[in-house]
Amino acid sequence: MGRKVREPEYTNWFEHIDQAGGAVRWVIKSKDFPANTSVQSRPKVRNGAEIKLDVLNSPRIQEIIIEQAKARGCGKELVDHEAKEILETMAHDYNLKAVRVIGAAVAKVIRQILDGIYVNFDQLRRIRELCKTDSVVFMPSHKSYLDFILLSLMCFDQNVPLPAIAAGMDFMNSKFMGEALRKCGAFFIRRSFGTDKLYWALFTEYVQSHIVNSDRPVEFFVEGTRSRVGKSLFPKYGLMQVMLEPYLRGSVYDVVIVPVAINYDKILEEILYSYELLGFPKPKESTSGLFKAMNILNERFGKCYVTFCEPISVRKHFGLSLHRAAFVCQPDSQFVLSDREKRAIRKLGHLIVREHNKNSVISVWPFACQTLLKYLEDEHLEEFDFAQLLTEVKKQGILMSKMGIELQIDKSLEEDLRYYVALHDDLFAPIDHTKETFAMKLLDHPIEKSGAIDKQVMEKSVGRIVLSNYANKMMHEVADSALISLVLSTIQDHKQNVVYSKFIYLQAALARDFVCVPGEEFLSFSAALKQLTQSKILEVFEDELRILDLEAVNYLGGLIKPSLAAFNIVLSVLQECGDRYVTLAQIVTLTQLKAATLWSKRIPSIRASFLSTDPIKNAFFTLEDYKILIKKGLNVKLQAKNYEVIYQELDKVVHEFAAYLKTPSATRNRL
Amino acid sequence: MSGKSLGQTMLVGRIMGECRSEQKGPTDLFTSTPQVKKMAEIQQFNVPQSYRDTILKWNGWGYRDSFFAINKNGDVEFTGSRYEMSGQALPLLRPWFEQNLGIDLDYKTPSQPQQQFKVDPPNNNQVFIDFLRVHDIAYSNAPQHRVMRAHGHTVHDMMHLRYGKIPRYPDLIVWPKDESQVEKIVEAANRFNQALIPIGGGTSVSNALDCPLPEPRSIASIDMALMDHILWIDSQNLTCRAEAGIIGQTLEKELNAKGYTCGHEPDSIEFSSLGGWVSTRASGMKKNRYGNIEDLVVHLNFVTSKGLIQRQCQVPRLSSGPDLQHVILGSEGTLGVVTQVTLKIFPIPPVKRFGSLVFPNFNAGVAFFREVAKHRCQPASLRLVDNEQFIMGQAMKTENKGLWTGLKASASKMYVTWWKGFKVDEMVAATCVFEGSEEEVEQQERRLYALAEQFKGVVGGEENGRYGYRLTFAIAYLRDLGMEYSVLGESFETSVPWDKVLNLCRNVKQLIKREAKAAGVKYPVLASCRVTQVYDAGACVYFYFGFNSRGLDNSLEVYDRIETAARDEIIACGGSISHHHGIGKLRKQWMKGTVGTVGLDLLAAIKHELDPKNVFANANLIDLPSAKL
């Protein structure tokens, strides 16, 4: 486990630029983008305008326009006009010349700020061949703006047709950037469009038109938005369904999904994310913001790894499990998916996230961050010594290799660790890297106003959230083993079936924090158990699990415990508030407030990084999944959705959680 | 084939004469398996000299004297004198075969000679045979008769004949000469524990005629060949009554002589029988004008184990509960024997004309067809062939056409490709048959061609239309040619709603090509389709599929895998289990999905009621619960 980046499987893309003689030379190379010739020997690759026209003239859109005109009691022309406008805002305007101009600039900048982009190009060349026979959908992991820029650059480099990218409307806030991206093949969709039937129809038809006609690959992010937290987000299903529908209704022979795992040593938006996670309104993606961002382009951002995963043929994947014959009793125009089919599609979303994780490159830095968090957060130390950090990371490295998890180590663990500390030294008080060892002290980050929450805590939390985001980057590898370990270290009864039932409970409770595959609970348990027994951390004796390596069990359990602790604050906030109805914003603020108060009291295991809104929201929505929070209309005053709290059910969860958070028992009592 | 040309170009297959003497003794045509040779006493009585045993091939399609062969110039030539193209060379066909299926003239896979073909000895049910004898019913257990009635025309059947042996033969052939003899046979079979399989023309492509291997009883094949008479023609009501064994072209020729046509023209009309049409729910090329078999049948007699089923009157329609004739139509020999049928007949239309249209691509052609169906302006026959078949059709042109025809063909080609911008590798053709009075036909043509213009259709002339239909009868002969050079080919059909036609055609063709490649086929694969019928709510689609099995050691397995996957794909794309070939044994696995569990139970219940001893044991349509056997 853990993607190892080595030559010759991976090569540094910068070499291609350098071989070409610079970004400009690289970008003006003549290109040979293949078309899908499986159905027609000379297929027409439509330009942006032709696609728009086809979409408008499609039966689906023509019908909805008539239907809407009738429903609204207005003329058909009015709806027609609206449809055209929506489409104008949405559609890409792919243009190779523009791609070359923009590509040259972007390539130049990237060449400057990164130390290397390592890509498994052979796989991408295979995908180029696939483009000749199938509709390809790229589904990259999403951690940065750079994701789709890099993907397009790699495609351009390898003569793979540049994808049409489903991007969020917020990218268009900057007119210049928006239009530039549009010319590179990005199209823009509203983040939410509720029940706007016309919009839904246009968007569906637009996306499917690309897939059915196989003009160029389509690219979209299964996580829906950039993950600010270093680990995968819970997949979004809507677009997934739209993408798969053409296959299910037989309009294409197959759709081939290519998951792409993109990992960064250092995320461009690092500090920005931290502020966002604290709940500061997200700065608009404006051009001036971009120029501000240009300033940080003097910094270095380390290496980036792009892994094109094994293509997934949707036809093969669903095989007989999603039998298309179930759909054919309905006319094409009345296509609906049953719950069973929706579940199968959702599961695929989770599988793709898992594929991203499996192909993620793990450096030593997440382990360094775990260590720093443990000492600076859980134990509230002011600073930490590099020499000690090195020792701790080495220990973890040994444990990981015992567990069969491979870390990406370029030179040696120590050299790598120094490289990463240097790369991230803007988080710390000045460091003299020439020294053998040095103290590492997190810097405060300025906060303009903080409302009800203690400003000082907020200032301290920014850097800690950054660390916790990086620490997350290794969690997918150990989450299941960590859950088992946590259960074993807190529950007396170690019978395998007892541990398994607790495991399932916790895995589901944290399913939004650590994305797993629904329906594969037992498989994941068995795999984790195998990992733990093979590495001699546990043994199975008759029907009992026995701990062989208590230190490892405590370490692993400790990795996942903070997530439970953060969840627990949300639970206690809900219990304390006692209101019949709550809103999300209200609970987020109360939780942050509570976490800040507890942290200032230096309560062990309470972290400043708990102020991050992401785990709070995850807990909130998990409770909604559990039907402990039930959507009940609108809070008019707050202009937000009201949720009814089902307290009896809530108490059950609190009770269940208490067992795992007992040590130190004081925490729970004071909550 | 036009109705008019039928008589001129083909020999009509009638019984050549009957031999009234009793024969005993071995035959030299087929070899009996050696160890039982001494026991294999031939029992024969009144064996008729039927066309099936005298002028048809034993191991391929059609007449013995008609086949495609490579002549000394290396061109494909069609032998014999029965068809319009007989004796002519088709210089474009060999290159087409080489290009599209990768055949090599030096790599031949010829059939075993007839003398080497092994036939297992019969399992004689002597009481039954003696009963036949007493009742003056003709029979034979001679190997040459049993072989000819042991199979249909699937790829498996042909492979068995050419390179192996048939897994199971009928043990006896009986030739009833009228309905009362059929009744006697069925009665005796019930009494003496004899299994029966009726056979009409023997053109089944669904393994319907294959004798089930697990059947422990002796199996007798009821050959309907002697029951081939028209009983009466009623010019008042425009109906005709005929015995079920009559062959399509015989029926048509005799009706033509009286100024009528029955209008039912399946591609197999030269060899298939009236009873076969009824029991498989057949469909004819000109159904747009005349209807399918279920529209043409007015009345029929059906002999079952429980007795005769027939309506008491010959009326155009009646409301008397569920239509029992529809239980018989499509029963595929599982419930009884069709003995007599009253069919609608029509005065021969004064004008019959071919026509053709060329479209820039398949999508445009299908859109045109959909519109034709909406306006209900389809001529007697209307077919759309895809680009692959369009090109294949072109390769069927004969060499000795006059200079003028050749010039015209190339001029029109220039017109569509240069002037209209059609691409040779994308354009498709529609072929049509118009029937009616001169004004009617002219009006039909005008209307159709005007509509075609909206879909960028270009009128392609009568000659091209004729070529299109030529492929219809030639294709089965072509398969035999392919088999000589290691090519396995088959055709299959489905029906599909309009909104799913394009998806189905594209996906099935894709699937065939991809599956073949995945199975290790090393040469180009032929996957082609045509839309052969238009209905108000959908269309019939017909696929041709062929591949070169050279280098594969499991070619039949590969073939089966592709065919099964193709049917799965058809069903997944919204198509049906069958439009007119029927189920037989080949498509039984999809029956449950098609009619549901309750539907299967209902069919089994009907079977159990009509044939409690499962005398009609061809095991078509459904698998019977073994407890009920």
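The values are calculated or read from the model by the stated rules, or taken from the named source; none is laboratory data. Just so we're clear, the structure is a prediction, and the values are computed from it rather than from any experiment. Neighbour counts are summed over all protein chains in view; Cβ atoms, including those assigned to glycine, are modelled from backbone coordinates with ideal geometry. All accessible areas refer to the heavy atoms of the entire protein, side chains included, with ligands and DNA or RNA removed. Shrake-Rupley method; radii C 1.70, N 1.55, O 1.52, S 1.80 Å.
Looking for whichever is more than 14 Å from chain A (Cβ to nearest Cβ) and closer than 23 Å to residue B:154 by Cβ here; the options are B:613, B:585, B:607, B:592. Which one fits?
On the way: B:613 fails: closer than 23 Å to residue B:154 by Cβ; B:607 fails: closer than 23 Å to residue B:154 by Cβ; B:592 fails: more than 14 Å from chain A (Cβ to nearest Cβ).
The conditions single out B:585.
I'd like the full set of residues that are hydroxyl-bearing (Ser, Thr, Tyr) and more than 22 Å from the chain's Cα centre (by Cα), limited to the stretch B:159-203. Break it down into steps so the answer makes sense when it comes.
First pass over the stretch B:159-203, keeping only residues hydroxyl-bearing (Ser, Thr, Tyr): B:163, B:169, B:180, B:203.
Across the stretch B:159-203, the qualifying residues are B:163, B:180.
Taking into account only those residues within the stretch A:308-317 that are surrounded by fewer than 18 Cβ atoms within 10 Å (Cβ to Cβ) and within 14 Å of chain B (Cβ to nearest Cβ), which is farthest from residue A:263 (Cα to Cα)? Among those residues, the one meeting the criterion is A:316. When residue A:405 is tested against (1) closer than 30 Å to residue A:550 by Cβ; (2) not in a loop (DSSP other than H, G, I, E, B), only condition (2) is not met. For the condition of a type in the set (Gly, Ala, Ser) and closer than 21 Å to residue A:198 by Cβ, what is the one hit in A:48, A:21? Matching residue, one of A:48, A:21: A:48.
Quick one: is residue A:54 within 14 Å of chain B (Cβ to nearest Cβ), under 24 Å from residue A:213 (Cα atoms) and of a type outside the set (Lys, Arg)?
The answer is yes for residue A:54.
Can you tell me which residue among B:75, B:106 is surrounded by fewer than 18 Cβ atoms within 10 Å (Cβ to Cβ), more than 23 Å from residue B:151 (Cβ to Cβ) and touching a Leu at 6+ places or on another chain (Cβ under 8 Å)? Walk me through it before giving the result.
On the way: B:106 fails: touching a Leu at 6+ places or on another chain (Cβ under 8 Å).
Going through B:75, B:106 in turn, the sole match is B:75.
The set of residues in the stretch B:572-582 that are under 28 Å from residue B:269 (Cβ atoms) and in contact with a helix residue (DSSP H, G or I) (Cβ under 6 Å, 6 or more places away or on another chain) comprises B:575, B:577, B:582. Exactly one residue among B:374, B:420 is at pLDDT below 85 and away from chain A (no Cβ under 14 Å), and that residue is B:420.
Please indicate, with yes or no, whether at least one residue in the stretch A:26-33 is at positive phi, away from every other protein chain (no Cβ under 14 Å) and modelled with pLDDT under 95.
Just the residues of the stretch A:26-33 that are at positive phi, to begin with: none.
Within the stretch A:26-33, not a single residue is at positive phi, away from every other protein chain (no Cβ under 14 Å) and modelled with pLDDT under 95.
Of the conditions (1) without any contact (Cβ under 8 Å) to a residue 24 or more places away in the chain; (2) surrounded by 20 or more Cβ atoms within 10 Å (Cβ to Cβ); (3) of a type in the set (Lys, Arg), residue A:394 clears all except one; give me its number. With respect to (1) without any contact (Cβ under 8 Å) to a residue 24 or more places away in the chain; (2) surrounded by 20 or more Cβ atoms within 10 Å (Cβ to Cβ); (3) of a type in the set (Lys, Arg), residue A:394 is out only on (2). Within the set B:487, B:508, B:501, B:496, the sole residue that is more than 12 Å from chain A (Cβ to nearest Cβ) and either among the β-branched types (Val, Ile, Thr) or open to solvent by 20 Å² or more (accessible area, probe 1.4 Å) (or both) turns out to be B:487. Helices (runs of 4 or more DSSP H) fully within the stretch A:67-162 that include at least 3 residues being over 30 Å from residue A:198 (Cβ atoms), modelled with pLDDT under 95 and open to solvent by less than 10 Å² (accessible area, probe 1.4 Å): A:96-113.
For the condition in contact with a strand residue (DSSP E or B) (Cβ under 8 Å, 6 or more places away or on another chain), more than 25 Å from residue A:254 (Cβ to Cβ) and of a type in the set (Lys, Arg), residue A:70 does not qualify. Within the stretch A:318-362, restricting attention to residues that are open to solvent by 20 Å² or more (accessible area, probe 1.4 Å) and either touching a Pro at 6+ places or on another chain (Cβ under 8 Å) or hydroxyl-bearing (Ser, Thr, Tyr) (or both), the residue that is farthest from the other protein chains (Cβ to nearest Cβ) is A:355.
For the stretch B:172-186, the set of residues classified as surrounded by fewer than 24 Cβ atoms within 10 Å (Cβ to Cβ) and touching a residue at least 24 places away in the same chain (Cβ under 8 Å) consists of B:177, B:178, B:179, B:181, B:183, B:184, listed by residue number.
Hey, which of the helices (runs of 4 or more DSSP H) in the stretch B:269-384, taking only ones fully inside, have at least 3 residues that are within 24 Å of the chain's Cα centre (by Cα)?
Fully inside the stretch B:269-384 and qualifying: B:274-280, B:287-290, B:293-296, B:325-328.
Of all residues in the stretch A:227-279, those satisfying the criterion of being touching a Gly at 6+ places or on another chain (Cβ under 9 Å), among the charged types (D, E, K, R) and away from chain B (no Cβ under 14 Å) are A:236, A:265, A:266. Looking across the stretch A:446-469, the residues that are open to solvent by 10 Å² or more (accessible area, probe 1.4 Å) and hydroxyl-bearing (Ser, Thr, Tyr) come down to A:450, A:468. Filtering the stretch B:423-458 down to residues that are surrounded by fewer than 17 Cβ atoms within 10 Å (Cβ to Cβ) and not in a helix (DSSP H, G or I), which residue is farthest from the other protein chains (Cβ to nearest Cβ)? Looking at residues that are surrounded by fewer than 17 Cβ atoms within 10 Å (Cβ to Cβ) and not in a helix (DSSP H, G or I), I get B:437.
Screening the stretch A:185-213 for residues that are of a type in the set (Gly, Ala, Ser) and out of contact with any Leu (no Cβ under 8 Å at 6 or more places or on another chain) and picking the one that is nearest to residue A:54 (Cα to Cα) gives A:209.
If the condition is being in contact with an Asp or Glu (Cβ under 9 Å, 6 or more places away or on another chain) and closer than 23 Å to residue B:346 by Cα, then the stretch B:295-325 contributes B:301, B:314, B:325.
Hey, any hits in the stretch A:598-605 for a residue that's farther than 29 Å from residue A:377 by Cβ, loosely packed, with under 15 Cβ neighbours inside 10 Å and either assigned by TED's automatic domain parsing to the domain that holds residue A:503 or touching a strand residue (DSSP E or B) at 6+ places or on another chain (Cβ under 9 Å) (or both)?
Restricting attention to the stretch A:598-605, the residues satisfying the condition of being farther than 29 Å from residue A:377 by Cβ are none.
No, because not a single residue in the stretch A:598-605 is farther than 29 Å from residue A:377 by Cβ, loosely packed, with under 15 Cβ neighbours inside 10 Å and either assigned by TED's automatic domain parsing to the domain that holds residue A:503 or touching a strand residue (DSSP E or B) at 6+ places or on another chain (Cβ under 9 Å) (or both).
Please state which one of B:52, B:14 is open to solvent by 40 Å² or more (accessible area, probe 1.4 Å) and at pLDDT below 95. Write out each step before concluding.
Numbers: B:52 fails: open to solvent by 40 Å² or more (accessible area, probe 1.4 Å).
Residue meeting the stated conditions: B:14.
Quick check: anything in the stretch B:195-208 free of Cβ contacts under 8 Å to residues at least 24 places away in the same chain and not small (Gly, Ala, Ser)? Before the answer, list the steps.
Of all residues in the stretch B:195-208, those free of Cβ contacts under 8 Å to residues at least 24 places away in the same chain come to none.
Among the residues of the stretch B:195-208, not one is free of Cβ contacts under 8 Å to residues at least 24 places away in the same chain and not small (Gly, Ala, Ser), which makes the answer no.
Of all residues in the stretch B:124-138, count the ones that are open to solvent by 10 Å² or more (accessible area, probe 1.4 Å) and either out of contact with any Lys or Arg (no Cβ under 7 Å at 6 or more places or on another chain) or not assigned by TED's automatic domain parsing to the domain that holds residue B:205 (or both). Quick ask: steps written out before the conclusion?
Of the stretch B:124-138, the ones open to solvent by 10 Å² or more (accessible area, probe 1.4 Å) are B:124-127, B:130-131, B:133-136.
With the extra rule that they be either out of contact with any Lys or Arg (no Cβ under 7 Å at 6 or more places or on another chain) or not assigned by TED's automatic domain parsing to the domain that holds residue B:205 (or both), the set shrinks to B:124-127, B:130-131, B:133-134, B:136.
The number of residues fulfilling the criteria is 9.
Of all the numbered requirements in (1) in a helix (DSSP H, G or I); (2) in contact (Cβ under 8 Å) with a residue 40 or more places away in the chain; (3) touching a helix residue (DSSP H, G or I) at 6+ places or on another chain (Cβ under 7 Å), residue A:562 misses one, and that requirement is (3).
Selection over the stretch B:109-123 of residues that are in contact with a strand residue (DSSP E or B) (Cβ under 8 Å, 6 or more places away or on another chain) and either more than 30 Å from residue B:170 (Cα to Cα) or exposed (fewer than 14 other Cβ atoms within 10 Å of the Cβ) (or both) gives a count of 2.
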